[in-house]
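**Student:** Please see the structure below; I have some questions.
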Amino acid sequence: GAVVSQHPSWVICKSGTSVKIECRSLDFQATTMFWYRQFPKQSLMLMATSNEGSKATYEQGVEKDKFLINHASLTLSTLTVTSAHPEDSSFYICSASTLDRGSGNTIYFGEGSWLTVV
Amino acid sequence: GDSVTQMEGPVTLSEEAFLTINCTYTATGYPSLFWYVQYPGEGLQLLLKATKADDKGSNKGFEATYRKETTSFHLEKGSVQVSDSAVYFCALRIDSYNTDKLIFGTGTRLQVFP
């Protein structure tokens, strides 16, 4: 079946540095990918919708200059956390959808990426 | 606004016990409802879904019925196994928005012991 892969699974970075997380659709093309964030014991919160070849659409309250999203190809979206701070430490998950014949859009999720900012 | 509320975990059960994980929702449109499962070290996987009222989604022995009158989509399984240990997420999608955006509950961790 369709697979979405994230990299890295775990990352530790120093405060003030930037870190990039990749989300790849391995066997299908995804014109739209989604980035979610999850704090401990809380829901997955949608951060932004990543559109191939155009600017991402950010949810209310998400700083677009801090969380840079690039969707340069139909199989890759990247999330860059710029000038990271400890409060950015979280679990980040991406998803991508593909149109399945007869069943409509199916959404596939990556494994998630743990970010720890020290 | 649209939201999903599910019971807090962890839920701890012995093997072959009956499982219920409650999920209720608030939606302004006409939602489709989903249960996703996340096994340790893996991404979220779709477990089952229902797209309209009174639909029953089922998969791997799990079932959930879309109850519009109680705005609920409780997950049930008659006999759990150790391999069912995972985190379960209830989610909704407002289809009238023509989007694949999902709104999730907080997740419920299920631990099944032999």
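Read-outs: derived from the displayed coordinates by stated rules, not from any lab. Quick caveat: nothing in here was measured; it's all calculated off a predicted structure. Glycine also receives a Cβ, built like all others from the backbone with ideal geometry; neighbour counts cover every protein chain displayed.
**Student:** Over chain A, calculate the relative contact order: mean separation of alpha carbon pairs under 8 Å at least 6 apart, over the residue count, as a percent. Mind dumping the intermediate values first?
**Tutor:** Working: 294 pairs, mean separation 42.2, N = 118.
It comes to 36 percent, rounded to a whole number.
**Student:** Could you pull out every one of the aspartates and glutamates with an alpha carbon less than 18 Å from that of residue A:55, ignoring same-chain neighbours closer than 8 positions?
**Tutor:** Within the straight-line limit of under 18 Å, residue A:55 reaches these aspartates and glutamates: A:22, A:63, A:65, B:100.
**Student:** Size of the dipole of chain B about the Cα centre, Lys and Arg at +1 and Asp and Glu at -1 on the beta carbon, nothing else charged, in debye to 20? Intermediate results must be reported in sequence, preceding the final value.
**Tutor:** Numbers: 10 positive and 13 negative charges, 42 e Å.
The calculation lands at about 200 debye.
**Student:** Then there's this: Looking only at A:23, A:13, A:94, which one moves most when chain A is put into a Gaussian network model with springs between Cα atoms under 10 Å?
**Tutor:** A:13
**Student:** So what is the relative contact order of chain B, in percent, for Cα pairs below 8 Å that sit 6 or more residues apart? Working shown, then result.
**Tutor:** Numbers: 306 pairs, mean separation 42.4, N = 114.
Dividing the mean separation by the residue count of chain B yields 37 percent.
**Student:** Next question. Name the chymotrypsin sites (Phe, Trp or Tyr not before Pro) in region A:1-69 that are in a loop by DSSP and that have at most 15 other C-beta atoms within 10 Å, would you?
**Tutor:** Working: sites: A:10, A:28, A:34, A:35, A:36, A:58, A:67; in loops: A:28.
Nothing satisfies the criteria.
**Student:** Still on this model: Given a cut-off of 21 Å, name the pairs among A:64/B:49; A:20/B:101; A:41/B:77; A:14/B:101; A:64/B:101 whose C-alpha atoms lie farther apart than that in the structure shown. Don't skip to the answer; put the middle values down first.
**Tutor:** Values: A:64/B:49 32 Å; A:20/B:101 23 Å; A:41/B:77 23 Å; A:14/B:101 32 Å; A:64/B:101 18 Å.
Pairs exceeding the cut-off: A:64/B:49; A:20/B:101; A:41/B:77; A:14/B:101.
**Student:** Regarding the protein assembly as shown, what is the average projected area of its C-alpha convex hull, in nm²?
**Tutor:** Working: hull surface 50.9 nm².
That works out to 12.7 nm².
**Student:** Would you kindly enumerate the cysteines in chain A that have no other Cys beta-carbon under 4.7 Å from their beta-carbon?
**Tutor:** Unpaired cysteines in chain A: A:13.
**Student:** Further question on the same structure: For residue A:94, list long-range residues whose amide hydrogen, built 1.01 Å from N in the peptide plane, is under 5 Å from its own amide hydrogen.
**Tutor:** Here the answer is A:36, A:110, A:112, since their amide H atoms fall under 5 Å of that of residue A:94.
**Student:** Rounded to two decimal places and with Rh computed the Kirkwood way over Cα pairs, what is Rg over Rh for chain A?
**Tutor:** Numbers: Rg = 13.9 Å, Rh = 14.3 Å.
The Rg/Rh ratio comes out at 0.97.
**Student:** Volume per residue, Å³, of the convex hull around the alpha-carbon atoms of chain B?
**Tutor:** Values: hull volume 10.5 nm³, N = 114.
Considering the Cα atoms of chain B, their hull volume per residue is 92 Å³.
**Student:** If you don't mind, another one. Residue by residue through B:100-109, how many Cβ atoms from other chains fall within 10 Å of the Cβ on average?
**Tutor:** Details: counts 12, 9, 8, 4, 8, 3, 7, 5, 0, 1.
Partner Cβ neighbours, averaged per residue: 6.
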